[in-house]
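> Take this structure, written in C-alpha cells, and hold onto it; I'll ask about it next.
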Amino acid sequence: MVEFPLSCLTLRFKTNTNPSIIISPIKFDKSLLGFIFAVMNYEETLEYLYAQLPMFSRIGAAAYKTDLHNTIALCKSLDNPHTKFKSIHVAGTNGKGSTSHMLAAILQKAGYKTGLYTSPHLQDFRERIKINGEMIKQDFIVDFVAKTKKISEEIEPSFFELTMVMAFEYFAKEKVDIAIIETGLGGRLDSTNIITPLISVITNIGYDHMNILGDTLEQITFEKAGIIKQNVPVVIGEYTAITKPIFLAKAKECNAPISFAQDEFTISNIQLKTKELHCDVTSNKEEITESFTLDLNGSYQIKNLCAVLFVIDILHKKHFTINNTTEKYALAHVKELTGLYGRWDVIHEQPTIALDVAHNEDGIKQVLSQISNYNLQNSKVHFVLGMVKDKDVDKVLTLLPKEAHYYFSNAHIPRAMNAAELKDKAATKDLIGSSFDNVNDAIESAKEKAAKDDLIIVCGSVFLVGEVNR
C-alpha cells in the first residue's frame, strides 16, 4: 500500500525478507512521485486514476473539457499513437455502444486484430479497452500511468482524456489491424475526435447531455456531426427532418460521402425471443433479402443493424474481406465475442429480468417499445429504476406507465439521484413504489412480488446496471 498526505510522504511496502518495512515520514517532493508510480500495483493505479483525475461518471459536467488540447498534448508525448492504426469512429445519442460492438465482432470474426474502445464501463475498468474481446492487460495500465505521470502533472487531464490516450497507445503497441472508437460525449470536442478514421458513423440524435451539448436537436446534431472528417465517408443510422439538413451541410463542407442507412434497407418479419431477435433485411438498391439472427435482442437493434450492414459494404470497397457467413455468425454472437451486456440483457426467467442501460428520453422510449412486443396479457411490469441527477429525470418519469410497479434505487456515485428523492419525484407523476439503497435489494424485492410470467426491468442508469450482481 502507498500512502501520501499533503505535507509529507509515508511509504509502506513489503519485501520477501521483511513484510512490514515502513519509511515515514519523508518530506513531500514531487521528484519522489516517480518512485511512487514505479511501485504502485494495479489496484493502486486505478485508485489514483479515479481519485486524482476529474471523472465525468462521478462528477458530471465539471470533468468535461471543451477543447482537444490535452488529448493532443498527451498523444504528442507518445509519438501520436492514434495515427498508427486504422479506425472507425462511432457517435450518437443511443446505440453507439451496440453498433461499436457489432462492428468489432464482425471484424474480429473475419480474422482482423480488432481494437474496441467504449465507455463507460459497467463493472471492470478494463471493459473500456479490448482487443479481440480480451480486456487490456493490467500491467499495461500500470506502466502507462507511470509513463505519463510527468505530463499528467503538467496539463492535468481528465480521466477520459488520459484513458482514451491509453487506448490509442495500447492499440498502437499491439499493432491492431483496425479499432472501433466510440465517442464519450458529443463528437466535435470529444477526446476521440483527433483520429482520422476510415469511416465515421452517427447512430442517431436525441436529447441527452443538454447541459453540455445544447438543449435543441439542432445544437446536439451540430456537436455529433463534428466527427465528420474531410473526404471520410459517413454513415447516418437514423435521421429526422431536423437533423438531416445539418448532416448534409457538414458532409458537403468536408467533401465527405454521406449515406443514410434507414433509406438503404427495409426490415421485415421481426421475431423477438427471450434472448434472440430474428429479422429479414432487404437491400433497397439490390432488392436482395437476407435473414439475420441477433443475440442483441432489443427491438431497437434493428436500427443499429442497418448502419452496421452499410459500414460493412464500405469496408468491402476498402478491400476488407468479410464473407456473409462470418458476418451472420458474428451478429448472432456479439456478446460472446466482445463481452457486451446491459442491452436488454435477460439474466433470469420466470420472472423475466432484463437489464438495459437506457437512461434518457429516447432510450426509455425504446424500452417501452420493447415491452409492447411482449405478450404480457395478465402479467405485470416491474421497474427497478435509478437515475443520475443531471439527466432530464422529470421527462423520463412522464414517459413511464402508471400501472407498473416501481422499486427506486441508486448507484453509488456522487452523480446518482438518491433513491428516496427519486421515489418522491416519481410520486408526483403517480408512479408509486419503494426505495432501496442497493439495486440488488430492489431486484430481490421485485422478484418476491412478481409472478413467474411478470417482467422486471432494471434501467435508468448505466451505473445502476453496473452494480447488479449478475
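> Suppose R0 equals 51 Å. What FRET efficiency, 1/(1 + (r/R0)^6) with r the Cβ-Cβ distance, do Asp392 and Tyr329 give to the nearest 0.05?
E between Asp392 and Tyr329, to the nearest 0.05, is 0.85.
> Now for a different question. Have a look at Leu340, Gln370, Ala241 and report the one farthest towards the positive end of the charge dipole of the chain, computed about the Cα centre with Cβ charges (Lys/Arg +1, Asp/Glu -1).
Leu340
> Using a 1.4 angstrom probe with every protein chain in place, what is the largest-first accessible-area order of Asp424, Asp313?
Numbers: Asp424 100, Asp313 65 Å².
Largest accessible area first, the list is Asp424, Asp313.
> Can you give the accessible area per residue of the stretch 355-458, in Å², using a 1.4 Å probe? Write down the numbers at each step before the final one.
Details: 4580 Å² over 104 residues.
Ligands and nucleic acids excluded, the result is 44 Å² per residue.
> Output the pairs from Lys429/Lys449; Lys113/Lys317; Lys86/Lys273 with a Cα-Cα distance over 31 Å in this structure; if there are none, say none.
Over 31 Å apart, Cα to Cα: Lys86/Lys273.
> Expected output is a single nm value to one decimal: the length gained when fully extending between Asp124 and Asp313, i.e. 0.36 nm times separation in residues minus the C-alpha distance. What is it?
64.7 nm
> Given the alpha-carbon gyration tensor of the chain, what are the semi-axes of its equivalent ellipsoid in whole angstrom, ordered largest first, with each equal to the square root of 5 times an eigenvalue?
Here the semi-axes work out to 36, 30, 21 Å.
> Another question about this same structure. Below 8 Å, C-alpha to C-alpha, sequence gap of six or more: please give me the relative contact order for the chain in percent.
14 percent
> Please give the charge dipole size of the stretch 369-470, origin at the Cα centre, charges +1 on K and R Cβ atoms and -1 on D and E Cβ atoms. Round to the nearest 20 debye.
Dipole magnitude for the stretch 369-470 comes out near 160 debye.
> On to the next question. For the full complex of protein chains and a 1.4 angstrom probe, list Arg188, Arg470, Arg128, Arg343 by accessible area with the highest value first.
From most accessible down to least: Arg470, Arg188, Arg343, Arg128.
> What lysines sit close enough to Lys149 to cross-link, taking a C-alpha to C-alpha distance under 21 Å and skipping anything fewer than 8 places away on the same chain?
Lys27, Lys30, Lys65, Lys76, Lys137, Lys173
> So with the 1.4 Å probe, I'd like the accessible area per residue for the stretch 280-348, rounded to whole Å².
Per-residue value: 42 Å².
> Any idea how far apart Leu368 and Lys252 come out in nm if each label point goes 7 Å out from Cα toward Cβ?
For the pair Leu368/Lys252, the computed spacing is 3.6 nm.
> Which trypsin sites (Lys or Arg not before Pro) does the stretch 389-431 hold that lie in a coil by DSSP with at most 15 other beta carbons within 10 Å?
Working: sites: Lys389, Lys391, Lys395, Lys402, Arg415, Lys423, Lys425, Lys429; in loops: Lys389, Lys391, Lys402, Arg415, Lys429.
Those satisfying the criteria are Lys389, Lys402, Lys429.
> Could you pull the accessible area for Lys109 with a 1.4 Å probe, rounded to 10 Å²?
About 90 Å², rounded to the nearest 10.
> Under a point-charge model restricted to the Cβ atoms of Lys and Arg (+1) and Asp and Glu (-1), what is the dipole moment magnitude of the stretch 351-408 relative to its Cα centre, in debye to the nearest 20?
That gives a dipole near 160 debye.
> How many Å² of accessible area per residue for the stretch 156-202, probe 1.4 Å?
Details: 1040 Å² over 47 residues.
Each residue of the stretch 156-202 exposes 22 Å² on average to a 1.4 Å probe.
> Next question, about the same structure. Using a 1.4 angstrom probe on heavy atoms only, work out the carbon and sulfur share of the accessible area of the stretch 65-216 in %.
C and S atoms contribute 45 percent here.
> For the chain, build the charge dipole from Cβ charges (+1 Lys, Arg; -1 Asp, Glu) around the Cα centre, then report which of Ser158, Ala172, Gly226 sits farthest towards its positive end.
Looking along the dipole axis, the top candidate is Ala172.
> Could you size up the charge dipole of the chain around its Cα centre, putting +1 on the beta carbon of Lys and Arg and -1 on that of Asp and Glu, and report it in debye to the nearest 20?
It comes to approximately 800 debye.
> Follow-up question, since we're still on this one. If Lys and Arg each add +1 and Asp and Glu each add -1, what is the summed charge of the other residues whose beta carbon sits under 13 Å from the beta carbon of His89?
+3
The values are calculated or read from the model by the stated rules, or taken from the named source; none is laboratory data. Just so it is clear, the model here is predicted, and its values are computed rather than measured. Counting neighbours? That spans all protein chains shown, and the Cβs are built from the backbone with ideal geometry, glycine included. Heads up: the accessible areas ignore ligands, DNA and RNA and are worked out on the full protein's heavy atoms, side chains in. Shrake-Rupley method; radii C 1.70, N 1.55, O 1.52, S 1.80 Å.
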